[in-house]
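Trainee: Mind having a look at this structure? Questions to follow.
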Amino acid sequence: MMIQSTKTKPLLSVQLLLLVVGLGLLSVNISFCNAEKILLPDFELTTEVGKYGNPTDIMFLKNGAMLAANKNGIVTVSQPNDYDNPQVALDIQALVCENGERGLLSITAHPDYGVDNPYIWIMYSFNINGICTEDIVTGPVNRLSRFTMDPTTYIAALDSEVVYMNTPALPVDHHNAGDVEIGKDYNIYITIGDGGESPTAQDPSNLWGVIVRLTLDNEIPPTNPYSTESLSLSANNQQSTRCNDNGISGDPTVFCQEIFAMGLRNPFRFAMNPNVNETQFYVNDVGASTWEEVSIGGTGYEGANYGWPEREGPCRHGRTCNGVDGNNNCVLDDAYNEPVHFYGHNAIGDGAITAGAFVPAGYWPLQYDGSYMYADFVFGQIFLMSYTGGLDHDACPAKSNYEGIPLIEFEGGDISSMAFGPHANDNGDDGIALYFMTRGFGGRL
């Protein structure tokens, strides 16, 4: 297959970006009016165009249609292989607070979307009190809702909303996270940030700094750590309750049944692994002062604690080395789940891991098959996570078992989400591509 490369920098600012592959040759479908650089020799530049405003998330239906969430509260749908012509599927602008990191945060659809299951789920900052303030009492909440979207017209009626849960009121306009995915177990998983209040991530009586797991019908899976069924097997007489109305139990000794895992800071995006038979995902948790991290979750990780705010990356919060201040800052702690991969910030102390995606097995060349890729919003790069076996907690700074191999970089990329979807190859064969979104260049996809 021959895919045309774009070796020059066209004047058109392209919003829809993708990586495609055919006959062993990878091509990156990118076009920017500013600098771009391909960092692996197998990749070359081509172009694709899409206009999506200020995008936050993207996902594909099984038929190849693409859903995109816009920060201002608009969901669009694009027909298969016609992604430069999005149409409005849902408009909830009147309900959304979009100041700071707030807004329409993420979207997913029923795994068997169609006439029998015409459902989409969105996470958004709901203006519940009529004011988009930063206040722990009167601020907006992050809300998970289901809408019915007609599988013929792709129109979702506003009055079809079914509210699944609310977080507590947002005290600040950041650390929302709010990604939503559906696992192979047909449960809904939602990542929620700490709301800017770090200690809440270790408090299971609220829905801050956690991963929530619900059934598709908004019930509590029996294996959630604080479900009635799980606690009935415990000898500690712990109590729990549903916290879906306002994100808190109202009693620090009564835990939220929605919680699947805890100890996260700002888990901006997570990605399901399509290459295993059970539910498995990697969570990209945005760090504070020292580390960005990728952690594993899914089946078997019920009750996981990822350590924030006590831990950041492989170390105690704010530390990079063992023994610098006389303490074992980076010694493994069995109380917490260590990240699969971690990396430090740049020379000026910045970094923000965002989007992630697994390469589906059997489509790309063997060296990329099943690999995990992640993006950094600050670095403006996409990285390929490559195993080295070099985990070393005694190194200064500590070293991960993986290294991030830069795949592509560009100025002002601000990558917020990415997902694999269909791509028609030049020779007519069905293929796949990695589509990724950027808020750079005018705040567009």
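Trainee: Can you sort Lys62, Lys399, Lys71 by solvent-accessible area, 1.4 Å probe, largest first?
Mentor: Ranked list, largest accessible area first: Lys62, Lys399, Lys71.
Trainee: If you don't mind, another one. Show the residues, 5+ positions off or on another chain, whose built amide H is closer than 5 Å to the amide H of Ala109.
Mentor: Trp121
Trainee: If you don't mind, another one. At 0.36 nm per residue, and after removing the present C-alpha to C-alpha distance, how many nm does the segment from Asp150 to Cys396 gain when stretched out fully?
Mentor: Contour length minus Cα-Cα distance gives 83.0 nm.
Trainee: If you don't mind, there's one more thing I want to ask. Accessible area, 1.4 Å probe, largest first: how do Tyr336, Tyr343, Tyr164 sort?
Mentor: Ranked from most to least accessible, the order is Tyr336, Tyr343, Tyr164.
Trainee: Once you place label points 7 Å from the Cα toward the Cβ at Asn99 and Thr215, how far apart are they in nm?
Mentor: My value for the distance between the label points is 4.0 nm.
Trainee: Which aspartates and glutamates have a Cα less than 16 Å from the Cα of Lys71, not counting those fewer than 8 places away in the same chain?
Mentor: Asp57, Asp91, Glu98, Glu101, Asp173, Asp179, Asp414
Trainee: Give me the extension gain from Asp84 to Gln239: residue separation times 0.36 nm, minus the current Cα-Cα distance, reported in nm with one decimal.
Mentor: Taking 0.36 nm per residue and subtracting the Cα distance, the gain is 50.7 nm.
Trainee: Now for a separate question. Put a dot 7 Å past each Cα toward the Cβ at Ala288 and Asp369; how far apart are the dots in nm?
Mentor: The modelled label-to-label distance comes out at 4.3 nm.
Trainee: When the label point is put 7 Å from the Cα of Tyr336 along its Cα-to-beta-carbon vector, which residues of the stretch 194-222 have a backbone N closer than 18 Å?
Mentor: Of the residues in the stretch 194-222, 194-204, 208-211 have backbone N under 18 Å from the label point off Tyr336.
Trainee: Could I ask something else about it? Roughly how many nanometres apart are two label points built 7 Å out from the Cα toward the Cβ at Asn346 and Lys62?
Mentor: With each label point 7 Å from Cα toward Cβ, the separation is 4.2 nm.
Trainee: Whole number in Å², please: accessible area per residue of the stretch 91-221, 1.4 Å probe, ligands, DNA and RNA not counted.
Mentor: 34
Trainee: Can you tally the net charge around Gly103? Count Lys and Arg as +1, Asp and Glu as -1, for every other residue whose Cβ sits under 14 Å from the Cβ of Gly103.
Mentor: -2
Trainee: I want to make sure I understand the PRE zone here: with the label point 7 angstrom from the Cα of Glu310 toward its beta carbon, which residues in the stretch 173-205 have backbone N atoms less than 15 Å away?
Mentor: The answer is 199-204.
Trainee: Report the accessible area of Thr299, computed with a 1.4 Å probe over the heavy atoms of all protein chains in place, in Å² rounded to the nearest 10.
Mentor: 60
Trainee: Taking 0.36 nm per residue of sequence separation and subtracting the Cα-Cα distance, how much length would be gained by fully extending the chain between Asn275 and Asn72, in nm to one decimal?
Mentor: 69.7 nm
Trainee: In Å², and per residue, what accessible area does the stretch 285-375 have when probed at 1.4 Å with the other protein chains present?
Mentor: Roughly 38 Å² per residue, with all protein chains present.
Trainee: I've got another one for you. Among all the aspartates and glutamates, which ones have a C-alpha under 18 Å from Lys62's C-alpha, if same-chain residues fewer than 8 places away are not counted?
Mentor: Asp82, Asp112, Asp116, Asp150, Glu181, Asp185, Asp429, Asp430
Trainee: Asp333: accessible area at probe 1.4 Å, nearest 10 Å²?
Mentor: Here the accessible area works out near 60 Å².
Trainee: Where does the Debye-calculated log10 I(q)/I(0) of the stretch 272-375 sit at q = 0.23 Å⁻¹, using only Cα point scatterers of equal weight, no solvent?
Mentor: Evaluating at q = 0.23 Å⁻¹ gives log10 I(q)/I(0) of -1.21.
Trainee: Loop-only GluC sites (Glu not before Pro) in the stretch 205-291, please: DSSP not H, G, I, E or B, and at most 15 other Cβ atoms within 10 Å.
Mentor: Qualifying residues, ordered by number: Glu219, Glu278.
Trainee: On a straight-distance basis, which aspartates and glutamates could pair with Lys399 in a cross-link, Cα separation under 20 angstrom, same-chain partners fewer than 8 positions away excluded?
Mentor: Counting by Cα, and skipping residues close in sequence, Lys399 has these aspartates and glutamates nearby: Asp285, Glu292, Glu293, Glu310, Glu312, Asp325, Asp333, Asp334, Glu338, Asp350, Asp376.
Trainee: Given a 1.4 Å probe and heavy atoms of the protein chains only, how would you sort Asp159, Asp251, largest accessible area at the top?
Mentor: Asp159, Asp251
The values are calculated or read from the model by the stated rules, or taken from the named source; none is laboratory data. Everything numeric here is computed off the predicted structure, so don't read it as measured data. When we count neighbours, we look across all protein chains shown, and the Cβ atoms used for this are built from the backbone with ideal geometry, even at glycine. The protein model used for the area step is the full one, side chains on, heavy atoms only, and it has no ligands, DNA or RNA in it. Shrake-Rupley method; radii C 1.70, N 1.55, O 1.52, S 1.80 Å.
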